Structures are given as structure tokens and as C-alpha cells.
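Read through the structure below, which is laid out as C-alpha cells, and then see the notes.
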Amino acid sequence: MPVWIRQPGQQTNSQPFHQFTHPDPCGVGFMFDLDPTTREPLLSTPEARANYEHAQREVAAGRLVDEGVVEHQTSYWDAGAIRCHCGAVVELTDHWEGSACQRCGSEYGSTGQMFRANWREFCRETGELDD
């Protein structure tokens, strides 16, 4: 029975953007990444800074609308993490080959069950694995 450090489940990431759009219904415009903590624009290149300044000038001229901060969310499945019998933390994956402990090499499936020690050899013999 695995000792769960982080239970598997659906996770959601949220990324804030500063959005500028054209006033017509096409919805075309600019979006700039914001720092999640400070909400300041992440303008890491000269081109990004120039585009941000251009968008602000276009808002002042009435050709763009400043939509403000928009949150975009993405969801993903987190397979969780367990404690290996050797004490190390194993980050699980839903890949069919499982996850290996970096300390002792024990391998686990996506639900935290420990694979038999010679499972790769067994799968080669049965033709299920041909590495």
C-alpha cells in the first residue's frame, strides 16, 4: 500500500494576462504575460516592450480597448507523489512504463503500486517490450 505524499487529482493553473483588443467584434489584439504575484507585465525582450508601448498608444488614440487583466486557466491531471520503501519521494506519472525511484531504482505504476523487480525482463520475454 503506497504512502501518499500528494494525492492524484485534477489540477488547475491560472496565468494572468493584460489584454488589449480592437473595438470591432473580431477580437484581435494583444495579450501580455503578467507576473502572477505583482501583476506587472513580463516584457523580457525589446520587441515585447515595443508592442506593449504600442498597445498603450493605440488605447490612448481610441483604436484599442484596454480589457485589463484576464485570467486564463488550464487543467491537467497530476498523478501524485508517494514515498518509496527506501524513504525517497517518487513523482508518479501516467506513462505506461511507470516511475522509478531515483535513489534505489524501484519502479511504480501510476496508482502507486510497486512493479515486480524484473518486470522489464518478463515483458521482453513475452514480446510486450522490445527495447
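The values are calculated or read from the model by the stated rules, or taken from the named source; none is laboratory data. Please read these numbers as outputs of a predicted model, since none were measured by experiment. Cβ placement follows ideal geometry from the backbone for every residue including glycine, while neighbour counts extend to all protein chains displayed.
Scan segment 113-129 and give yes if some residue there is touching a strand residue (DSSP E or B) at 6+ places or on another chain (Cβ under 8 Å), in a strand (DSSP E or B) and modelled with pLDDT of 90 or more, otherwise no.
no
I'd like to know if segment 68-77 contains one or more residues that are part of a strand (DSSP E or B), free of Cβ contacts under 8 Å to residues at least 60 places away in the same chain and at positive phi.
yes
Just one of the numbered conditions (1) touching a residue at least 24 places away in the same chain (Cβ under 8 Å); (2) in a loop (DSSP other than H, G, I, E, B) is not true of residue 94; which one?
Single failed check for residue 94: (1).
Pull up segment 12-51, narrow it to residues that are surrounded by 11 or more Cβ atoms within 10 Å (Cβ to Cβ) and of a type in the set (S, T, N, Q), then point me to the one that is farthest from residue 89 (Cα to Cα).
The qualifying residue farthest from residue 89 (Cα to Cα) is 21.
On the given criteria, is residue 14 assigned to a strand (DSSP E or B), of a type in the set (Ser, Thr, Tyr) and modelled with pLDDT under 95?
Taking the combined requirement at face value, the residue satisfies it.
Restricting attention to segment 80-91, report how many residues are without any contact (Cβ under 8 Å) to a residue 40 or more places away in the chain and either within 25 Å of residue 10 (Cβ to Cβ) or surrounded by 18 or more Cβ atoms within 10 Å (Cβ to Cβ) (or both).
Selection size over segment 80-91: 3.
Would you check if residue 29 is in contact with a helix residue (DSSP H, G or I) (Cβ under 9 Å, 6 or more places away or on another chain) and either of a type outside the set (D, E, K, R) or touching a residue at least 40 places away in the same chain (Cβ under 8 Å) (or both)?
The answer is yes for residue 29.
Out of all the residues in segment 102-121, is one or more closer than 20 Å to residue 11 by Cβ and either aromatic (Phe, Trp, Tyr) or more than 22 Å from the chain's Cα centre (by Cα) (or both)?
Yes; the residues of segment 102-121 include at least one that is closer than 20 Å to residue 11 by Cβ and either aromatic (Phe, Trp, Tyr) or more than 22 Å from the chain's Cα centre (by Cα) (or both).
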